[in-house]
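Worksheet: the structure to be examined is printed underneath.
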Amino acid sequence: MEFSILNQSPILKGHTVKESLQNTIELAVLAENLGYKRFFVSEHHNLDTLIGTAPEVLVSHLAAHTRKIHIGAGGIMLSHHNPFHVAEQFQLINHLAEGRVDLGIGKAPGGTPLATKALQRELKEDRAPFNDRFIELKKYLNSTHADAEELKISPDTSNPPGLFLLGGSIESALFAAEENVNYMFAHFINNDTRLLDEAAMNYKNNVRRGRFIVALSVLVIEEEADRQAAIRENEYYQLSFKDGRSLRVITKEQAENFVRNSDEEIEVTKKKPNIIMGSAGEVLKQLSKLNENNYIDEFMFHLPSTDADIRTRTIEALAPVNTIHNREKAGII
């Protein structure tokens, strides 16, 4: 069992954009010192609350400020990018970081319809489906594509970045298992515990080697008033599409803008967040319960708060050096 961090680089309360980005660097260094396995950053576009528009830039910068922890994208939204260029970028960053870079790949747009149109303006309209593009990317990383003798992402591809598929369904878990890559289940987006169990079981029963990681919302908050404040801060609007896809936005205005600028029929529902909260001990018990079947190799903590102190406190309270790496102190995991 390992613990990791997923940081979406929000604009923090009382902080400027520059200060919030500096906080991302500080949290990565803190996570490394406290024994966390990975520190992932996300890709979002045209959102007032999140800064992380270019994870490839952040990953490179964070790798330069750390020494041991794995730094990764959680993830690159492949619908906006050329698979060959993504492979080039992350192979290069992995050389610079001496082999500790991870590449997570997601399918969601990660932003508003206007941002998606801007990002994809020059891409071919007949581009291949996501699964085919993912396989293409994987082949570039592993030098198994058709033109591997003449077309290379680097003079040295002997140590490619770790590859992760991000998803939230049984289908995506099975696809990751079929492709023999690591899988990260976005439990903080889809809080269905039964679906989590089924996805984990299907992945573990079909993959030859690979890690099953669960990304989930976690905050160490003990006072009830503070817990209720965290719930209010994280109320969101779920956008449901006819084909079964779903997306969440934070404000009513964002939901209305999304519907107005989309050509698809969308159902909008206001939702309360599902956050694992409590003391460090209470949080660890809930994590242990989620992994009763022992299918989960790693928990990745998404910190849904714009309060810098709460985010730091959570990382410190759940530090692997004091919990999973010290079983006498944990007594649970």
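Structure notes:
- Probe 1.4 Å, protein heavy atoms only - accessible area per residue of the range 6-134 in square angstrom: 45 Å²
- Virtual spin-label span in nm between Asn131 and Lys68, 7 Å along Cα→Cβ: 4.1 nm
- Taking each DSSP H run with n ≥ 4 as -39500 (n - 2.57) and averaging over every residue of the chain yields -11500 deg cm²/dmol at 222 nm.
- Ratio Rg/Rh, restricted to the range 57-176 and using Cα atoms, in which Rh is the Kirkwood radius: 0.97
- The length gained by stretching the chain between Thr157 and Glu292 to full extension, at 0.36 nm per residue less their Cα-Cα distance, is 44.8 nm.
- The Rg/Rh ratio for the chain is 0.94, where Rg is the radius of gyration of the alpha carbons and Rh is the Kirkwood radius.
- Built amide H within the under 5 Å cut-off of His45, gap 5+: Gly111, Thr112
- Cα pair count fraction exceeding 25 Å, expressed as % - the range 177-307: 38 percent
- Close amide H pairs (under 5 Å, H built 1.01 Å from N) link Leu163 with Leu103, Asn182, residues at least 5 positions away or on another chain.
- With both labels modelled 7 Å from their Cα along Cα-to-Cβ, the Gln238 to Lys271 distance reads 0.4 nm.
- Share of carbon and sulfur in the accessible heavy-atom surface of the chain [1.4 Å probe, %]: 46 percent
The values are calculated or read from the model by the stated rules, or taken from the named source; none is laboratory data. In this text, all values refer to a predicted model and were calculated from it rather than measured experimentally. Positions of Cβ are generated from backbone atoms using ideal geometry, with glycine treated the same way; all protein chains shown enter the neighbour counts. The protein model used for the area step is the full one, side chains on, heavy atoms only, and it has no ligands, DNA or RNA in it. Shrake-Rupley method; radii C 1.70, N 1.55, O 1.52, S 1.80 Å.
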